[in-house]
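Encoded as structure tokens, the structure appears first; notes follow it.
The values are calculated or read from the model by the stated rules, or taken from the named source; none is laboratory data. Bear in mind the structure is a predicted one, so any value in this text is a computation, not a measurement. Cβ placement follows ideal geometry from the backbone for every residue including glycine, while neighbour counts extend to all protein chains displayed. Heads up: the accessible areas ignore ligands, DNA and RNA and are worked out on the full protein's heavy atoms, side chains in. Shrake-Rupley method; radii C 1.70, N 1.55, O 1.52, S 1.80 Å.
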Amino acid sequence: MKYNVDISPDAKKELNNYISGAMEFGSETVSKILDAFNECICILETTPNAGFDKLKYIPAKYKVIHLWKHYWMIFQIYEDEHCVKIDYVIDDRQNYGRFVH
């Protein structure tokens with residue numbers, strides 16, 4: 001069964017920030033990040049449990065999937081709705097302590 005993947009405004013904003021920052025490395029790098037993003041979306045549509053259960057400081061209600069180098073997508077699976085909601089995109093080199101509740 002295929003899952004719908006929903007991306008929160010916060011996640012979109014962070015992804016756009018990372019892509020804007022990657023522009024300094026050239027369009028090829030940006031294309032690779034976008035390809036990696038599309039690949040993650042395809043994985044989440046078909047096998048959302050493929051994500052990791054734990055990344056330091058991330059509450060247990062979330063799963064994570066590696067996007068690109070230090071970038072991770074933080075998501076939740078809503079089985080009853082057949083939906084994956086990507087709540088955040090983070091850079092693991094930065095303080096992402098906002099997840100500590």
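Whether any residue in the range 4-21 is open to solvent by 90 Å² or more (accessible area, probe 1.4 Å), assigned to a loop (DSSP other than H, G, I, E, B) and more than 18 Å from residue 94 (Cα to Cα) is what I want to check. The answer is no; no qualifying residue exists. Whenever a residue of the range 35-52 is under 23 Å from residue 18 (Cα atoms), its partners that are open to solvent by 20 Å² or more (accessible area, probe 1.4 Å) and in a helix (DSSP H, G or I), lying with C-beta atoms within less than 6 angstrom and at least six residues away or across chains, give the pairs 43/50.
Of all residues in the range 42-68, those that are open to solvent by 20 Å² or more (accessible area, probe 1.4 Å), closer than 21 Å to residue 96 by Cβ and not in a loop (DSSP other than H, G, I, E, B) total 4. When the range 22-41 is limited to residues that are out of contact with any Leu (no Cβ under 7 Å at 6 or more places or on another chain) and among the small types (Gly, Ala, Ser), the one that is least open to solvent (accessible area, probe 1.4 Å) turns out to be 22.
Report the residue count in the range 59-84 for those that are within 9 Å of the chain's Cα centre (by Cα) and among the β-branched types (Val, Ile, Thr).
Within the range 59-84, the subset within 9 Å of the chain's Cα centre (by Cα) is 64-67, 71-75.
Restricting the remaining residues to those that are among the β-branched types (Val, Ile, Thr) gives 64-65, 74.
Qualifying residue count, the range 59-84: 3.
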